[in-house]
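> Before we start, here is the structure in question, set down as structure tokens.
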Amino acid sequence: RTDGVIPAGDVTPTGVAELLPFENTVSYVTLTGAQVRRVLEHGVNAFNDASATTEDEWEGWFMQVAGMTYVADTSKQREVYNGEADPPEVTTAGERIIEATVGGQPLDDAATYRVATSKFLADGLDGHLAFTEGTDRVDSDTLETQIVIDYLKASSPVTPALDGRIEIR
């Protein structure tokens, strides 16, 4: 599928593979709250910004989350990322994440949080450099697609609903 939407009905392993077409494994890393905030900033840096890079360059940057919420204000300073630099670098810090909570509590920049993500992002790709600064990284052999398939098997039927984890203004 090219539209990224699975129609209502039975979800098959093939459908999951179409939605998550890359064979990414899951990595676990400990980040500070400040690093989590930078991950979120990078994810929203191109929204509503005519000077942002092309959609093809930033479409994978947006960060979905679980166990936390965040609010981004796209009228604020966006992160400026130079992917051409060696190594890539953030040249201007973003200020768009105006609120973030973890487990219902405000994100604490000095605290540490254990995060699960794809190995691709943990490697700092798509410009998510803050992941590479984390500690205690563990790369698993578990494919993201397998996690989704196992969840669907254990939790079906699934009734998706918006839960307000992410607000973009």
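The values are calculated or read from the model by the stated rules, or taken from the named source; none is laboratory data. The structure displayed is predicted, hence computed values, not measured ones. Methodologically, a virtual Cβ is constructed for each residue, glycine included, from the backbone with ideal geometry; neighbour enumeration extends over all protein chains shown. Accessible surface is based on the protein model in full, side chains and every heavy atom, while ligands, DNA and RNA are left aside. Shrake-Rupley method; radii C 1.70, N 1.55, O 1.52, S 1.80 Å.
> Note down the relative contact order for the chain as a percent, whole number, built from C-alpha pairs under 8 angstrom at least six residues apart. All intermediate terms of the calculation are to be shown ahead of the outcome.
On the way: 264 pairs, mean separation 60.6, N = 169.
Relative contact order for the chain comes out at 36 percent.
> Still on this structure, please answer the following. If you rank Arg169, Arg78 by how much accessible surface each has, with a 1.4 Å probe, what is the order from largest down?
Working: Arg169 130, Arg78 35 Å².
The residues order as Arg169, Arg78, largest area first.
> Then there is this: Along the Cα→Cβ direction, 7 angstrom out, place labels at Val158 and Asp136. What is the inter-label distance in nm?
Taking the two extended label points, one gets 2.8 nm.
> Convert 4 °C to kelvin, take the viscosity as 1.567 mPa s, use the Kirkwood radius over C-alpha pairs of the chain as Rh, and evaluate the Stokes-Einstein diffusion coefficient in µm²/s, rounded to a whole number. Could the numbers behind the result be given before it?
On the way: Rh = 17.3 Å.
My calculation gives 75 µm²/s for D.
> Of the beta bridges DSSP finds with both residues in segment 58-169, what % are antiparallel, to the nearest 5?
On the way: 10 of 13 bridges.
In segment 58-169, DSSP labels about 75 percent of beta bridges as antiparallel.
> Follow-up question, since we're still on this one. Where the accessible area of the chain is counted over protein heavy atoms with a 1.4 Å probe, how much of it, in %, is carbon and sulfur?
Numbers: 5440 of 10400 Å².
Summing carbon and sulfur atoms, their accessible area is 52 percent of the total for the chain.
> How far is helix 33-43 tilted, in degrees, relative to the longest principal axis of the Cα atoms in the chain, given as a value from 0 to 90 rounded to the nearest 10?
Between helix and principal axis, roughly 80 degrees.
> State, to one decimal in nm, how far the label point of Glu84 lies from the label point of Asp10, with both points 7 Å from Cα in the Cβ direction.
A separation of 5.2 nm, rounded to one decimal place.
> Kindly express, to the nearest 10 degrees and within the range 0 to 90, the angle between helix 144-155's C-alpha long axis and the longest C-alpha principal axis of the chain.
The two axes meet at around 50 degrees.
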